1. Just checking, does the range 46-55 include any residue being over 30 Å from N173 (Cα atoms) and not aliphatic (A, V, I, L, M)?
2. Only one of A90, A76, A68 is touching a residue at least 24 places away in the same chain (Cβ under 8 Å) and part of a helix (DSSP H, G or I); which?
3. What number of residues within the range 37-63 are under 21 Å from L178 (Cβ atoms) and surrounded by 21 or more Cβ atoms within 10 Å (Cβ to Cβ)?
4. Among the residues of the range 168-180, how many are assigned to a strand (DSSP E or B) and more than 18 Å from the chain's Cα centre (by Cα)?
5. Looking at the range 89-137, which of its residues are modelled with pLDDT of 90 or more, of a type in the set (F, W, Y) and crowded, with 19+ Cβ neighbours inside 10 Å?
6. Got at least one residue in the range 86-98 being farther than 29 Å from V39 by Cβ and among the hydrophobic types (A, V, I, L, M, F, W, C)?
7. Within the set of pairs 6 or more residues apart or between chains, which connect a residue that is farther than 18 Å from Y115 by Cα inside the range 125-149 to a residue that is polar (S, T, N, Q) with Cβ atoms less than 7 Å apart?
8. For residues that are at pLDDT 80 or above and part of a strand (DSSP E or B), tally how many sit in the range 1-35.
Amino acid sequence: MKIIGFIYHPHAGQESNRPWEIVLKGDSCLLNGRKPLFVPDWTSELGVTDCLILRVSRLGKEIEPRFAKRYFDAVAPGADFVAIDIKRQAMKEGTPWTKALAFDYSLAIGEWLEYDDTTSVELPQADLVISLEEAISEASKLMTIRQGDLIYIQAKSEPRPAHKEDIIKAETNGKETLYCKIK
């Protein structure tokens, strides 16, 4: 299983005017089932960005955006955590940001919702850094996507501060679909 992320980074592709960058996370990054996130002791500045997560339902490569809806069957609200201080330092030094983005349990996943054109979660699609269809298309240009892979798309915003004892929540149609306490 691959976890492919489209993260907000307004300076990522100045030549292409794309406010996002693609990142990969390992499966140890997943946090689900209302489990808490324990802040790593090597960061002093944790941040969180809302995201929408897609579950890939079939094998695909070089998918055109108009066919993308055939390649995912469910969506879930999510919270993507980042060690802001580590990311800032890595950017300043020109080194990879992996430690800041892909640490254990850094992607909280809410309840899966079967997807169709009427599915709506707390995060409006207009607020995402890339549309669902474009995300599937772009990810499949980079690598073959397979059933069970996850693609997450951040909101168009800088990470907001996250502190111990904060609770990250999302609701869908009045029902809580994401809950994560930070410890």
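The values are calculated or read from the model by the stated rules, or taken from the named source; none is laboratory data. Everything numeric here is computed off the predicted structure, so don't read it as measured data. Note that each Cβ is placed from the backbone with ideal geometry, even for glycine, and that neighbours are counted across all protein chains shown.
1. There is no residue in the range 46-55 that is over 30 Å from N173 (Cα atoms) and not aliphatic (A, V, I, L, M).
2. Of the residues listed, the single one that is touching a residue at least 24 places away in the same chain (Cβ under 8 Å) and part of a helix (DSSP H, G or I) is A68.
3. So the count comes out to 10.
4. 2
5. Selection gives F103 alone.
6. No, the conditions are met nowhere in the range 86-98.
7. Final answer for the pair search is V129/Q154.
8. Number satisfying all stated conditions: 17.
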